[in-house]
Structure formats: structure tokens, C-alpha cells
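Participant: Dumping the structure here so I can ask a few things about it.
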């Protein structure tokens, strides 16, 4: 089975980064230069390369499964060996299939601008590419965590626990610093929006005021404010300048500002965005529950695995020798524990990818919280959950209606400026339906932006003349409902996890002490 470990390490630390880097390069090439006038030789090379990578992925998968099947293991052991393949190996296979589809779509059509379908595909390729590249790098974290277990034979348990504690203390400090940076970034966004709001409402030159404001700042944030000011000095509109300097304000604010520019209500749009940002800043404790939960789970489970790994590696073999020397018949639960211990120690490297999952999730969670989920291009999540953008969409429609503009103005702006490609596609379909005479609420319901009850409520509010208020209240209600569900989820998972760990520890202790109790009885 040493070949199994060799194939696994080779695929994880060599093949995954190659697949990730090549796909990222292909996606950037398509985004930067379009899909027209591509050299046919280069296109043929990309097609051939993706086919070779797909073949290698399939070969790795087949070899892995063949080695598992040809060695006699229990059902649980075979599942333990196959599960990493099921969990990780589909990533490069799906990635290379998407790369093949993107390369095949080059040099087709008469437009240089990428069609929306190809833009969406390149975003998927980039996301999967970074996942394929980053997973082996994050894998070094659990390797460091399990290092004390590996050297426990030569070092005392105290030193092992000290190393583990230092590692997790450093990780917790980093997570706390990221949390502080996240809150500070949101505070800067709110401060900038209020500054822009006051300047627009009082007819104060934006560029001059931003130059003065930048003098009170430092670091990269000051450089970004100065860059925004230089774009405004060059004649850019506010939305064009904010789009050219991403990260200063949420993407939904740029869409709202664009609606305000088109409807001559920029001050109102900025004030609404500033108020909403302040409200979001006060609700950060609710939104961070998932990140805190994952941090809590990763720490608790990792400590549990550390202790269990030490017992399996150092204690159980000695217990096994003692029991066999006494020649007593061991209980089935103890035999199962010993067999499992031998199996885990023999294939400990297969546990490492599983241990990297909490760290990957934590990294993604803090990364998304810092930059803002609506500022990232995350095609997988947005395709699976079409209602993620519903609160922003309702507020943007309310903004248009409140200044006596047609709701189509907001939808057209969303289809042009939104960062999520599937939202742009869905909004474009809604615009076409409305232009063909379809009711706006029916079109939104058919495209799963709102449900039937919300569509009826909006139609009634439109007849009663209080549509902007109802739309904003409905958007707040949807966000509050999501926050409650996240809170319920975090409160349920914690006791469930502790109970499962308690059951696991109980079975572990019973399996170890049952033979000892039997020996004591025989001696008495």
C-alpha cells in the first residue's frame, strides 16, 4: 500500500498545483484578451493540454480505486480510503472539463467582447483553480498540527501539547486580528459613504474633499482614496471612479449610486447606502457567528484528534501487548478499537486533507467577510442560491420608485454593473420579459428572485402607493430571517458536536478499560 501513499502525495502536491496554475492562466488570458483572434496553434495546445490533464486525473482515480479494491479491508476501512478521492479528486476533473469547454469556445462568434456564458465559465475556472492551488498549501497547517503526534515517541507528552497549544494560540490570534481588520474596513466604508453623501448634498467638490480626507489616513487605504480622487479629477463619474478602485465601498452601493446618477438623485442614493452600511456595521456580531462556529469546531475537533492520535500511536500498542501477554480474550469493542488504531496509524496521511477542511473554510470565511461577499465573484454559490441578491434588488427597485423612476432603471443598472454573472444574466432575462409586457413582480417570481407571497405583497403595495416602504421593509425582513437561521444553526451545532465527542470518548474509554476490569476480576 506504499504505492497508494505515493500516488496520493504526488497527486496532491504536484498535480493539484499544476492544474490550478494552468487554469488560472487560461482564465486570465481569456479575460484580458477576449476570445477573438486567438492563434489556432495556441488554442490547439490548450485543448491538448486539458485533455492530457483529464486523462491524468482519470488515471489517478482509477489507480487509487484499484489499489483499494485489490486489498482486503473492512467496509469502514475501504470507505476511509475512498472518501478522500470522492472529496478532493473531482475538483481537478471538473476544473479541466471547464477549461476544455472554455478553450473550445475561443474564436467563435463575431464579437470581441466575451459573451456572458463564457465570462461566467472563466469565473468558475478561476475559482476552482485557486481552490486546486490553495488546498495543498493549506494542507501544511494540519501537518504541523500532527507533527507532535509523530514525534511523541521521542518527546514527552507535555512538549507535544505545548507545541500544539502554541500553534493554535497563533492561529487564534491571527483569526482575531483578521476580525479586527474586517470591522475596521467596514467602519472605513461607512465613514467614506457619509463623506460622499455630505459632499453631494452640499455641492462640495468630491475630489478636493477626498484629497483633504486622505491626509488624515495612512497606508494602502490612503493610496486608494488618493486614487479615487485622481479618477474624479480626471473627469470620471463617481460610479466609474468607485468601480475603478474596488474595495472602497460595497458593490451594491456602486449600483445604487449609478441608479442615483441616472435619476438625478445621487444624494438620496448615497444617504440610503450610508444608513444601510451603518446598520450592517451594528449587526456584525450576528454575521460572524458562522466564522466563530467554524473556529470553535476546528479547535475542539483538532484537540480531540490530537489526543486520540497520541493514544492510538503510543498507548494502545502497549495495552495490546499487555493484554496479549496475559492471554485473555478481548471484548469485540476493544478488538475493533485496536484494529482501527492500527489502520489509522498505517494510513495517517489520508487524514491530513480532512484536517485541512476546517482551515480552508475558516480562510474562505474570513476572506469573504473582509472583502465582502457581494464584492467577490463566486459563481457556484450564487447559482445554487438565486435569492442571495434579493434584498439588494428590492432596495434598488425601491430607490428607483421613490424618485418616480421606472423600476426597469434599477434592473438595467443591475444587469450592467453587478459583479455576479448569473445575477446579470437573470436580471437581463427579467428586463426582456418586462419589455415584452410582463408584470415586473411576475417576472421576478418566475426567475426566483422573490416568492409568490412576496410578489403578491409587492403588487398590493404598488396599488396602495407605499411600494418603496414595503420593498425596503421586505428586504430588511429577509436579511433578519437569514440572521436568525444562522443563529439557530450555530446554537444547535455546538451541543450536537459536544454530545458526539462525548459519545466517542465514552466508547474509547470503555473499550480500553473493559479488559483491565476483566484482568482485575481474574486476579481477585
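Participant: Can you find a residue that is farther than 19 Å from residue 242 by Cβ and part of a helix (DSSP H, G or I) anywhere in the stretch 369-377?
Facilitator: Looking through the stretch 369-377, at least one residue is farther than 19 Å from residue 242 by Cβ and part of a helix (DSSP H, G or I).
Participant: Okay, next question. Conditions first: (1) assigned to a helix (DSSP H, G or I); (2) over 25 Å from residue 479 (Cα atoms); (3) touching a residue at least 60 places away in the same chain (Cβ under 8 Å). Residue 264 passes all but one, so which condition is the exception?
Facilitator: Going through (1) assigned to a helix (DSSP H, G or I); (2) over 25 Å from residue 479 (Cα atoms); (3) touching a residue at least 60 places away in the same chain (Cβ under 8 Å) one by one, residue 264 breaks only (1).
Participant: Just one of (1) without any contact (Cβ under 8 Å) to a residue 40 or more places away in the chain; (2) within 21 Å of residue 280 (Cβ to Cβ) trips up residue 474, so point out which.
Facilitator: In the conditions (1) without any contact (Cβ under 8 Å) to a residue 40 or more places away in the chain; (2) within 21 Å of residue 280 (Cβ to Cβ), residue 474 misses (1) alone.
Participant: Which members of the stretch 420-444 meet the condition of being crowded, with 19+ Cβ neighbours inside 10 Å, modelled with pLDDT of 90 or more and not in a helix (DSSP H, G or I)?
Facilitator: Matches in the stretch 420-444: none.
Participant: Note down all Cβ pairs under 6 Å where the first residue falls in the stretch 427-448 and is outside the structural domain of residue 408 (by the TED database) and under 13 Å from residue 408 (Cβ atoms), the second is at pLDDT below 90 and assigned to a helix (DSSP H, G or I), and they're at least six residues apart or on different chains.
Facilitator: Correct list of pairs: empty, since none qualify.
Participant: Somewhere in the stretch 226-244, is a residue assigned by the TED database to the domain that holds residue 186, in contact (Cβ under 8 Å) with a residue 24 or more places away in the chain, within 23 Å of residue 406 (Cα to Cα) and part of a helix (DSSP H, G or I)? Spell out how you get there, then give the answer.
Facilitator: Initially, the stretch 226-244 is screened for residues assigned by the TED database to the domain that holds residue 186, giving 226-244.
Applying the additional criterion that residues be in contact (Cβ under 8 Å) with a residue 24 or more places away in the chain yields 232-233, 237-239, 243.
When the remaining residues are screened for being within 23 Å of residue 406 (Cα to Cα), the result is 237-239.
Pick out the ones that are also part of a helix (DSSP H, G or I) and you get 238-239.
Yes; the residues of the stretch 226-244 include at least one that is assigned by the TED database to the domain that holds residue 186, in contact (Cβ under 8 Å) with a residue 24 or more places away in the chain, within 23 Å of residue 406 (Cα to Cα) and part of a helix (DSSP H, G or I).
Participant: Within the stretch 30-77, how many residues are buried (at least 16 other Cβ atoms within 10 Å of the Cβ), under 14 Å from residue 102 (Cα atoms) and either modelled with pLDDT under 70 or not assigned by the TED database to the domain that holds residue 124 (or both)?
Facilitator: Matching residues across the stretch 30-77 total 2.
Participant: With the requirement that a residue be within 24 Å of the chain's Cα centre (by Cα), surrounded by 15 or more Cβ atoms within 10 Å (Cβ to Cβ) and either closer than 20 Å to residue 44 by Cα or modelled with pLDDT under 75 (or both), what does the stretch 102-119 give you?
Facilitator: 102, 118, listed by residue number.
Participant: Going residue by residue through the stretch 247-257, is there one that turns out to be surrounded by fewer than 18 Cβ atoms within 10 Å (Cβ to Cβ) and in a helix (DSSP H, G or I)?
Facilitator: no
Participant: Also, quick follow-up: Tell me yes or no: at least one residue of the stretch 121-130 is outside any loop (DSSP other than H, G, I, E, B), at pLDDT below 75, out of contact with any strand residue (DSSP E or B) (no Cβ under 9 Å at 6 or more places or on another chain) and surrounded by 13 or more Cβ atoms within 10 Å (Cβ to Cβ). Give the steps one after another, and end with the answer.
Facilitator: First pass over the stretch 121-130, keeping only residues outside any loop (DSSP other than H, G, I, E, B): 121-130.
Add one more test, that the residue is at pLDDT below 75, and what stays is none.
Looking for residues that are outside any loop (DSSP other than H, G, I, E, B), at pLDDT below 75, out of contact with any strand residue (DSSP E or B) (no Cβ under 9 Å at 6 or more places or on another chain) and surrounded by 13 or more Cβ atoms within 10 Å (Cβ to Cβ), one finds none in the stretch 121-130, hence no.
Participant: Taking the stretch 398-415 as the region of interest, how many residues are over 19 Å from residue 385 (Cβ atoms), part of a helix (DSSP H, G or I) and in contact (Cβ under 8 Å) with a residue 40 or more places away in the chain?
Facilitator: 8
The values are calculated or read from the model by the stated rules, or taken from the named source; none is laboratory data. Values in this document were obtained by computation on a predicted structure and should not be read as measured data. Cβ coordinates were reconstructed from backbone atoms using ideal geometry, including for glycine residues, and neighbour counts include every protein chain displayed.
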